[in-house]
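Only one structure is covered here, and it is reproduced in the block below.
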Amino acid sequence: MWHARQQFIHYFLLCCLSWLCCGALAHAQTLPLTLATNYHSELDLNQYLVSEKYDGIRAYWTGQQLMSRQGLPIDAPPWFTKNFSTEAMDGELWAGRGQFIAVQSTVSQGAKDEAGWRALRYMVFDLPTHPGLFTQRQQALQKLVKRIDQNWLQAAPQWQVNSHAALMRQLRSMSKAGAEGLMLRNTKTSYRAGRSDDLIKLKIFEDAEAVVVQHLPGKGKYQGMTGALLVQMPNGQRFKIGSGLRDTDRALPPPIGSTITYRFNGMHPSGLPRFARYWRIRSNTSE
């Protein structure tokens, strides 16, 4: 019961945040982030290093301030970033596998959630302003993390995978253990902003985002609650999502106008997702 009450409180905070951040987005900075494309089997794996895809919140250290992917300041406690370098870092605020809601709740509450920040790690995977190739940036990152010497600041482990079959075995094994997926980074390119094959994401399930446009009433045991969400894709197409909603989600559904993330398995010829199911609400600080 207490666990369910905690989940409800965290969820309520995130719903409020999705409304409050709408105005803040108008003042957000545009950050020069490398963005991922989806995996394809034509990749030359000899040119890539692999790391875990962390289920946390993307965070960019400008040299003075932690920023979200959307360019909004992240209100971290002063002690968390006190000894950080003036060199830019690109990473993820992470609390371990399956703890995304806890990370999102902590970031949404800011520095006042002291206990929450104590549970976070900043997993750094790149140095955006370093002029070298990825392998050189990794060497510099290892030295930087060692010099800063804070246990919550860590360089994300990177490793080589020599075949697509081995990569898929790792994906299945790590996903079964609770990882969100894998990331592949091209070792022979400089840090470049935008979406390209410099950065590849690989997951068991595909996921995407949509905006909630209506709460559809429930029937039977869900009478008086939300039965499904009517959502709109970026291309304007609309569809219903009922699968994946927990009782707490149906009692307090994501607000109309908020953005949710859903999982699916491929696309119909119509362009709509197959087997779409609700995953979580996305605050404007998430990745």
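The values are calculated or read from the model by the stated rules, or taken from the named source; none is laboratory data. Just so it is clear, the model here is predicted, and its values are computed rather than measured. Cβ coordinates were reconstructed from backbone atoms using ideal geometry, including for glycine residues, and neighbour counts include every protein chain displayed.
Restricting to segment 146-165, give me the number of residues that are small (Gly, Ala, Ser) and either modelled with pLDDT under 95 or over 25 Å from the mean Cα position of the chain (by Cα) (or both). Selection size over segment 146-165: 2.
With respect to the conditions (1) at pLDDT below 95; (2) under 30 Å from Glu42 (Cα atoms); (3) acidic (Asp, Glu), Asp198 lacks only one, and its number is (1).
Pairs meeting the criteria (first residue in segment 238-257 and exposed (fewer than 13 other Cβ atoms within 10 Å of the Cβ), second residue of a type in the set (D, E, K, R) and not in a helix (DSSP H, G or I), beta carbons under 9 Å, at least 6 apart or on different chains) are Ser243/Arg277.
A quick yes/no check of all residues on (1) closer than 26 Å to Leu43 by Cα; (2) surrounded by 15 or more Cβ atoms within 10 Å (Cβ to Cβ):
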{"position": "Gly96", "(1), (2)": "no, yes"}
{"position": "Ser105", "(1), (2)": "no, yes"}
{"position": "Gln139", "(1), (2)": "yes, no"}
{"position": "Ser163", "(1), (2)": "yes, no"}
{"position": "Leu167", "(1), (2)": "yes, yes"}
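If you check Ser196, Ser190 for being of a type in the set (S, T, N, Q), surrounded by 13 or more Cβ atoms within 10 Å (Cβ to Cβ), assigned by TED's automatic domain parsing to the domain that holds Asn46 and free of Cβ contacts under 8 Å to residues at least 60 places away in the same chain, only one passes: Ser190. Where strands (runs of 3 or more DSSP E) fall entirely within segment 222-277, those with at least 2 residues that are touching a Phe, Trp or Tyr at 6+ places or on another chain (Cβ under 9 Å) are at 226-232, 259-264. Working only within segment 100-136, note down all residues that are β-branched (Val, Ile, Thr) and assigned to a loop (DSSP other than H, G, I, E, B). Listed by number, the list holds a single entry, Thr129.
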